[in-house]
Structure formats: C-alpha cells, structure tokens
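Enquirer: One structure follows; several queries about it will come next.
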C-alpha cells in the first residue's frame with residue numbers, strides 16, 4: 001500500500017504510511033453525560049473542554065471539530081476551592097452603554113446562573129473563533145439533575161478521582 005512520488009530532482013520517494021486526515025464529516029460523535037456535583041470548577045471544565053475538542057479520541061485533529069456532545073448536570077453543585085475564591089473571583093460584562101460595566105462575584109453567579117459559570121470556564125479553554133463556536137454549540141449545561149437529552153442516551157463519563 002506504499003505510494004510512490006517523484007521529487008524535483010527525479011528521485012523516487014516512497015511513503016509507506018500516508019498521513020490520514022480526519023474531517024468532521026467522518027467523525028463519529030457520542031453524547032456524554034458529566035455530573036458536576038461536588039467537583040472543582042477548573043478541573044471539571046478542563047475535562048469538558050477536552051471532550052468537546054475530541055482530545056480523547058485517536059482521530060483528534062487540532063484544526064477540525066472532532067469532539068462529542070457533552071451534557072453537564074448538577075452545575076449548581078460545583079465548587080470554587082482555595083482561599084475564598086468564590087468571593088474573590090469576579091465576572092465582568094458590559095451593557096453596551098457608557099459606564100455600563102457590570103460585575104458579579106463567583107458566589108453570586110453560582111446563585112443566579114450556575115450554568116454560565118461552567119460555560120464561561122469552558123469557553124476560555126477552547127479555540128476562539130468559528131471552530132470554538134461550533135464546539136460550544138455541543139455543550140449543554142443544566143443546573144439540576146434533569147435534562148431533556150434522554151432520547152440521545154448519553155453515556156456517563158467516569159471522572160478522575162471520583
């Protein structure tokens with residue numbers, strides 16, 4: 001199955017193992033279920049980001065979306081660990097109006113929108129631009145234990161250290 005090519009000087013080159021290129025079209029996607037109850041925000045977000053990128057697969061390609069769909073439940077149960085991090089970490093947003101900078105601590109965000117904490121943490125760990133946007137569309141985060149994706153039969157992910 002070796003391919004032969006000829007270079008500019010006329011030498012024959014034999015490529016014994018041609019490089020395989022994987023595209024999103026020939027990638028098999030699974031639905032995975034991650035339970036975030038009692039987990040650290042950073043560690044669980046790193047795991048989720050790697051699942052979304054497809055780094056756990058042998059077909060991983062850095063410039064293509066090869067990841068799986070990830071359903072995260074119990075997002076309200078995540079923890080910020082270390083040195084009062086829940087009160088020291090601040091999330092900023094801007095309304096678009098002059099002087100419209102709004103800020104909330106991590107504790108306030110967990111109380112109001114726990115899903116947003118996971119989404120923002122994961123978004124910072126995947127590529128920016130169109131590739132990252134397509135990966136983020138495959139992330140589904142829910143504050144409680146219920147989710148509407150039971151028909152897809154998501155497989156539970158075994159968390160390291162759990």
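No value in this document is a laboratory result; all are computed from the given coordinates. Since this is a predicted model, take the numbers as computed values, not measurements. So basically every Cβ, Gly included, is an ideal-geometry build from the backbone, and we count neighbours across all protein chains shown.
Enquirer: When ranked by the protection proxy of mean other Cβ atoms within 10 Å per residue, highest first, what sequence do the peptides 41-48, 6-13, 138-145, 151-158 form?
Expert: 41-48, 138-145, 151-158, 6-13
Enquirer: Let me ask another. Helix 41-53: angle to the longest alpha-carbon principal axis of the chain, degrees 0 to 90, nearest 10?
Expert: The helix 41-53 is inclined about 30 degrees to the chain.
Enquirer: State the extension gain, in nm to one decimal, for the chain segment bounded by residue 84 and residue 134, taking 0.36 nm per residue of separation less the distance between their alpha-carbons.
Expert: 14.6 nm
Enquirer: Let me ask another. What relative contact order, as a whole-number percentage, does region 31-105 give when Cα pairs under 8 Å and 6 or more residues apart are counted?
Expert: Answer for region 31-105 is 33 percent.
Enquirer: Would you calculate a helix-derived [θ] at 222 nm for the chain, using -39,500 (n - 2.57) for each DSSP H run of n ≥ 4 and dividing by the full residue count, to the nearest 500?
Expert: It comes out at -7000 deg cm²/dmol, rounded to the nearest 500.
Enquirer: Compute the relative contact order of region 89-162 as a whole-number percentage, counting only Cα pairs closer than 8 Å that sit 6 or more residues apart in sequence.
Expert: Averaging sequence separation for qualifying contacts and normalising by length gives 18 percent for region 89-162.
Enquirer: Now for a separate question. Can you give the direction-averaged projected area of the convex hull of the alpha-carbon atoms in region 1-108, in nm²?
Expert: So the Cα hull casts an average projection of 13.6 nm².
Enquirer: Calculate the radius of gyration of the Cα atoms of region 1-59 to one decimal place, then report Dmax, the largest Cα-Cα distance, as a whole number, both in Å.
Expert: That works out to 20.3, 64 Å for Rg and Dmax.
Enquirer: Same structure again: What fraction of the DSSP beta bridges in the chain is antiparallel, stated in percent and rounded to the nearest 5?
Expert: In the chain, DSSP labels about 45 percent of beta bridges as antiparallel.
Enquirer: For region 64-104, rounded, prolate or oblate, judged on the Cα gyration tensor with a ≥ b ≥ c (square roots of eigenvalues), a/c < 1.5 rounded, else prolate if a/b > b/c?
Expert: oblate
Enquirer: In whole angstrom, and with the biggest value first, how far do the Cα coordinates of region 77-162 range along each principal axis?
Expert: The principal-axis extents, from largest down, are 46, 34, 23 Å.
Enquirer: Run the numbers for residue 120 and residue 57: contour at 0.36 nm per residue of separation, minus the present Cα-Cα distance, in nm.
Expert: 20.3 nm
Enquirer: Relative to the longest principal Cα axis of the chain, at what angle does helix 114-123 sit, 0 to 90 degrees, rounded to 10?
Expert: For helix 114-123, the angle is close to 30 degrees.
Enquirer: Give me the percent relative contact order of the chain, please, defined on Cα pairs under 8 angstrom at least 6 residues apart.
Expert: 27 percent
Enquirer: Quote to one decimal, in nm, the extra length available between residue 103 and residue 151 on full extension: 0.36 nm per residue of separation minus the C-alpha distance between them.
Expert: 13.5 nm
Enquirer: Rounded if a/c is under 1.5, else prolate if a/b beats b/c, else oblate: with a ≥ b ≥ c from the C-alpha gyration tensor eigenvalues square-rooted, which is region 31-80?
Expert: Prolate, because a/c is 1.5 or more and a/b exceeds b/c.
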